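Structure first, commentary second.
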Amino acid sequence: MAMLEISGVHTFYGRIEALRGVDLTVEEGEIVTMVGANGAGKSTLLMTLCGNPRAAQGSIVFEGRDIAAMPTHDIVSLGIAQSPEGRRIFPRMSVLENLQMGAINTDDAFFDDDLEKVFEMFPILKQRQDQRGGTLSGGEQQMLAIGRALMSRPRLLLLDEPSLGLAPLVVRQIFEVIKTLNKEQGMTVFLVEQNAYHALKLAHRGYVMVNGLITLSGSGTELLSDPEVRAAYLEGG
Ligand code: ATP
C-alpha cells in the first residue's frame, strides 16, 4: 500500500470545480512532483490534503487511514505538514518563534534535537534566530517555512511552489535541501511547482495537472523528455 492514496477527489469553491476527480499515489521515501500551469488546481490539491477546503467526493488515504473528513489538526498529528504557497511565515515573530509554532503539537522532549536538525540543514536560520521573520530574504523565508513544517515531525512533507519568486541560485539551494532531506532523512516529499525543470529533475515520479485533472504521469526523467511537457512547461523556461 502506498503512503498516500488519493482516489477520485473532487473539490469545489462554490460552484467552481477546482479538482475534477484526481487519482494519485505517493510511496514512502519518494519525492513526487506535480507540475501544472497557474490555476490548474495544484494548491487546491495540497490544501484538500490538509482538510481545507474539503474534498466533496473521493478518498484520501494516508498510511491506511481515510483522512478526507478529518479536522486539519488531526491530519497534522498523523504526520503531514505543509509549507504553503507564498511561505506564510509569521513576519513579526522571530525565526526561533516561527520554528516553535511548527512544534506546537509535538512533545517538548523532541524540541531541542529537532531544532538542532533544522539549524544543521539551514545554518542561516541559526545565525538569524532572533531576527524577525519578515526581515529575512525570500530564500531565507522559504527555508524558514520548510523548517517550520519539519518541526512538526512530519512523515510526509508537502511543499507548495518552494521556488516561487526566488533567484535561480537560491532556487538551486532550496532544491538541494529537499534532495538532502529525502536522501539523508528518508523524508517523503510531495511538491507542486510551476518550475517544472528543477522539480521534475529532482523527483522520482511526477504528475501533470491540467484544469483539475491529472493528464500525464511517469518518472521524472520520462516527463522531462515528454514532448507535451516540454512544449507546455519547459520550452523557453
Ligand atoms: P497557482 O499556481 O496560481 O496557485 P494552482 O494550480 O495552485 O495555481 P489553484 O490555486 O488550486 O491552482 O486554483 C484552481 C482553481 O480554483 C482556479 O480556477 C482558481 O481560480 C480557483 N480558486 C482557487 N482558490 C479559490 C477560492 N478561494 N475561491 C474561488 N476559486 C478559487
How much of the accessible area of the stretch 1-92, in percent, comes from carbon and sulfur atoms when a 1.4 Å probe is used?
49 percent
Surface accessible to a 1.4 Å probe, F90 within the full protein complex, Å²
80 Å²
In the chain, with Lys and Arg counted as +1 and Asp and Glu as -1 at Cβ, which of these residues, L136, H204, G64, has the Cα nearest the positive end of the dipole, that is, farthest along it?
L136
Rounded to the nearest 0.05, what FRET efficiency do T215 and I16 have when you use their Cβ-Cβ distance and R0 = 22 Å?
0.70
Rg/Rh (Cα only; Kirkwood hydrodynamic radius) as it applies to the stretch 143-237:
0.97
Over the stretch 32-155, consider all pairs of different Cα atoms and compute the Kirkwood hydrodynamic radius from their mean reciprocal separation; express it in Å, one decimal.
15.5 Å
Using 18 Å as the cut-off for backbone N distance, which residues of the stretch 1-39 belong to the label zone defined by a point 7 Å from the Cα of T72 along Cα→Cβ?
11-14
Nearest-20 debye value, the stretch 17-169 charge dipole, Cβ charges on Lys, Arg, Asp, Glu:
560 debye
Roll a 1.4 Å probe over the protein chains and send me the accessible area per residue for the stretch 69-140 in Å².
57 Å²
Mean Cβ count within 10 Å, highest first, over the residues of peptides 150-158, 68-76:
150-158, 68-76
How big is the dipole moment of the stretch 179-237 about its Cα centre under a simple scheme where the beta carbon of each Lys and Arg is +1, that of each Asp and Glu is -1, and everything else is neutral? Debye, nearest 20, please.
200 debye
Provide the percentage of antiparallel DSSP beta bridges, counting only those with both residues in the chain; round to the nearest 5.
55 percent
Given a cut-off of under 8 Å on Cα pairs at least six residues apart, what relative contact order in percent is computed for the chain?
27 percent
Computed, not fitted: 222 nm per-residue ellipticity of the chain from DSSP H runs ≥ 4 (each -39500 (n - 2.57)), nearest 500, equal to -10000 deg cm²/dmol
What is the extension gain from Q185 to F111, computed as 0.36 nm multiplied by their sequence separation minus the C-alpha to C-alpha distance, in nm to one decimal?
24.9 nm
Find out how many positive minus negative residues lie around C50, taking Lys and Arg as positive, Asp and Glu as negative, among other residues whose Cβ is under 14 Å from that of C50.
0
Need one number: the % of Cα-Cα pairs in the chain sitting beyond the 24 Å mark.
43 percent
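The values are calculated or read from the model by the stated rules, or taken from the named source; none is laboratory data. Model, not experiment: these values are computed from the prediction. Cβ coordinates were reconstructed from backbone atoms using ideal geometry, including for glycine residues, and neighbour counts include every protein chain displayed. The area values use the complete protein model at the heavy-atom level, side chains included, leaving out ligands, DNA and RNA. Shrake-Rupley method; radii C 1.70, N 1.55, O 1.52, S 1.80 Å.
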